[in-house]
Amino acid sequence: MIRRSFTLLAAGLVLALASYGLAAPKGPEPAGVMSARIPLFVNNPSQKRAGKLVYRGGLVLSSDRREFGGWSDLGVSADGREILALSDQGHWLRAGLTYDGNGDLAGVTDSEIAPLLDKNGWPIHGRENDSEGLALERPNDVHGPVVVSFEIEPRLWRYDLSKGLDARPTEVPLGDWAQPLPRNRQIEAITLFRPDTLLAFAEEKLGAGEDLLAAMEAYPNPTGVPMTRRLSVVPRDPFDITSAANAPDGGIFMLERRFSLLGGLGMEIRHIPAGEIHEGARLKGEVLANLSFQDANIDNMEGLAVRKGARGETLLYVISDNNYWRLQRTLLLMFEVRN
């Protein structure tokens with residue numbers, strides 16, 4: 001009788017949690033990601049050059065899993081054989097990558113998907129699951145500790161992925177510098193600029209004619225008290241910042257997206273040299289490439305990762321957020337930086 005009552009109580013608890021949108025915790029599951037190769041320019045497949053970038057292959061990714069999509073940031077292993085992606089509805093994606101004889105991106109191998117967990121070990125849900133930015137604590141270590149930024153409920157959480165994708169997070173102190181922005185336009189991009197400095201960017205600016213907001217946060221910061229140094233980014237309207245990643249020269253690469261009814265979708269990548277990045281700076285850098293949906297195979301490009309190739313070349317990986325909409329696509333593109 002006691003055992004039966006306990007079973008009924010447990011079942012009732014599960015139903016109650018489900019009614020609040022909380023699913024029972026579960027580990028990684030096969031994602032079944034499929035891929036197809038695409039040229040950069042649909043009407044001119046042989047064209048590889050875009051500004052200072054050279055196209056090194058791209059894929060359309062798909063999966064029957066309803067959780068698949070919305071990929072908002074990206075990490076890549078040092079050998080390029082594995083990616084870690086983060087969705088804006090609170091999911092991890094791991095996937096293996098393959099390359100052709102020229103070293104160009106060719107396909108996807110084994111893949112798995114899992115929910116991000118909260119501090120209590122439950123999948124994050126509702127307004128708390130808008131995970132946007134991803135920073136690897138150790139360069140190109142997609143199986144180590146990472147920091148995740150959340151936009152609607154602004155915060156930074158550290159996940160030690162050496163414990164698996166079911167790791168629970170710990171809090172990272174964050175200043176309130178982005179609080180004046182709308183709730184869905186706050187912390188959008190992060191990167192561990194130096195081992196002791198997390199560089200964070202807001203998606204938008206406070207008003208017309210102003211800079212995009214940014215800050216350097218002390219990391220790690222065991223005090224629990226934010227240690228913030230402010231800086232900003234000179235905007236290139238109508239682009240918004242969607243991701244940032246460390247450059248091999250000590251600076252950063254910044255991915256920016258344009259979306260308007262008149263101009264449509266566009267993306268550009270900026271390089272910010274290390275010498276520009278300091279407290280009080282107005283980051284400007286150099287635009288390496290600017291691509292438009294009208295002629296290039298791009299979509300809502302949101303995630304950026306960087307690694308060094310076998311010949312010492314700098315390789316950029318860019319992933320798109322399809323907004324879980326059938327008219328948009330999940331794209332993974334690879335570029336080489338050249339002068």
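The values are calculated or read from the model by the stated rules, or taken from the named source; none is laboratory data. In this text the structure is predicted, and so the values were computed from the model without any measurement. Here the Cβ positions follow ideal geometry from the backbone for every residue, glycine too, while neighbour counts run over all protein chains shown.
Can you find a residue in region 165-174 that is in contact with a Phe, Trp or Tyr (Cβ under 9 Å, 6 or more places away or on another chain), of a type in the set (Ser, Thr, Tyr) and on the phi < 0 side of the Ramachandran plot? Reasoning before the result, please.
Restricting attention to region 165-174, the residues satisfying the condition of being in contact with a Phe, Trp or Tyr (Cβ under 9 Å, 6 or more places away or on another chain) are 165, 167-173.
Pick out the ones that are also of a type in the set (Ser, Thr, Tyr) and you get 170.
Remaining after also requiring on the phi < 0 side of the Ramachandran plot: 170.
Checked region 165-174: at least one residue is in contact with a Phe, Trp or Tyr (Cβ under 9 Å, 6 or more places away or on another chain), of a type in the set (Ser, Thr, Tyr) and on the phi < 0 side of the Ramachandran plot.
Total residues in region 187-199 satisfying the condition of being within 15 Å of the chain's Cα centre (by Cα), modelled with pLDDT under 95 and farther than 19 Å from Asp118 by Cβ: the figure is 1.
Are any of the residues in region 249-260 of a type outside the set (A, V, I, L, M, F, W, C), surrounded by fewer than 18 Cβ atoms within 10 Å (Cβ to Cβ), closer than 19 Å to Leu181 by Cβ and in contact (Cβ under 8 Å) with a residue 12 or more places away in the chain? Spell out how you get there, then give the answer.
Here is the first cut: in region 249-260, the residues of a type outside the set (A, V, I, L, M, F, W, C) are 249-251, 256-258, 260.
With surrounded by fewer than 18 Cβ atoms within 10 Å (Cβ to Cβ) added as a condition, the list becomes 249-250, 260.
Subset that is closer than 19 Å to Leu181 by Cβ: none.
No, because not a single residue in region 249-260 is of a type outside the set (A, V, I, L, M, F, W, C), surrounded by fewer than 18 Cβ atoms within 10 Å (Cβ to Cβ), closer than 19 Å to Leu181 by Cβ and in contact (Cβ under 8 Å) with a residue 12 or more places away in the chain.
Being surrounded by 15 or more Cβ atoms within 10 Å (Cβ to Cβ), of a type in the set (Gly, Ala, Ser) and part of a strand (DSSP E or B) is the filter here, so list the residues in region 261-290 that pass it. Once the filter is applied, which keeps residues that are surrounded by 15 or more Cβ atoms within 10 Å (Cβ to Cβ), of a type in the set (Gly, Ala, Ser) and part of a strand (DSSP E or B), region 261-290 yields Gly266, Ala289. In region 291-337, counting only strands (runs of 3 or more DSSP E) that sit wholly within it, the ones holding 2 or more residues that are among the polar types (S, T, N, Q) span 314-320. Criterion applied to Leu181, Leu105, Leu86 was being over 16 Å from the mean Cα position of the chain (by Cα), buried (at least 22 other Cβ atoms within 10 Å of the Cβ) and either under 18 Å from Ser320 (Cα atoms) or at pLDDT below 95 (or both), and the one residue passing it is Leu105. For region 122-148, a residue qualifies if it is surrounded by fewer than 18 Cβ atoms within 10 Å (Cβ to Cβ) and closer than 16 Å to Tyr317 by Cβ, and the qualifying residues are Pro139, Asp141.
Taking region 229-240 as the range and being under 20 Å from Gln179 (Cα atoms) and part of a strand (DSSP E or B) as the test, the residues that pass are Arg229, Arg230, Leu231, Ser232, Val233, Asp240. Looking at region 314-339, which of its residues are farther than 15 Å from Ser243 by Cα and out of contact with any Lys or Arg (no Cβ under 8 Å at 6 or more places or on another chain)? Result: Asn323, Tyr324, Trp325, Arg326, Leu327, Gln328, Arg329, Thr330, Leu331.
Within region 149-167, the set of residues being part of a loop (DSSP other than H, G, I, E, B), modelled with pLDDT of 95 or more and crowded, with 17+ Cβ neighbours inside 10 Å comprises Leu165, Asp166, Ala167. Answer yes if at least one residue in region 216-228 is in a loop (DSSP other than H, G, I, E, B), touching a Gly at 6+ places or on another chain (Cβ under 7 Å) and surrounded by fewer than 19 Cβ atoms within 10 Å (Cβ to Cβ), and no otherwise. Yes, there is a match, as at least one residue in region 216-228 is in a loop (DSSP other than H, G, I, E, B), touching a Gly at 6+ places or on another chain (Cβ under 7 Å) and surrounded by fewer than 19 Cβ atoms within 10 Å (Cβ to Cβ).
With respect to Ala23, is the statement that it is at pLDDT below 95 and in contact with a His (Cβ under 9 Å, 6 or more places away or on another chain) true?
Working: at pLDDT below 95: yes; in contact with a His (Cβ under 9 Å, 6 or more places away or on another chain): yes.
Spelling it out, Ala23 is indeed at pLDDT below 95 and in contact with a His (Cβ under 9 Å, 6 or more places away or on another chain).
Of the residues making up region 23-60, those that are in contact with a Phe, Trp or Tyr (Cβ under 9 Å, 6 or more places away or on another chain), under 25 Å from Arg270 (Cβ atoms) and of a type in the set (A, V, I, L, M) number 4. Determine if region 168-177 includes at least one residue that is buried (at least 22 other Cβ atoms within 10 Å of the Cβ), modelled with pLDDT of 90 or more, closer than 22 Å to Phe253 by Cβ and of a type in the set (A, V, I, L, M, F, W, C). Checked against the condition, which is being buried (at least 22 other Cβ atoms within 10 Å of the Cβ), modelled with pLDDT of 90 or more, closer than 22 Å to Phe253 by Cβ and of a type in the set (A, V, I, L, M, F, W, C), region 168-177 yields no hits at all.
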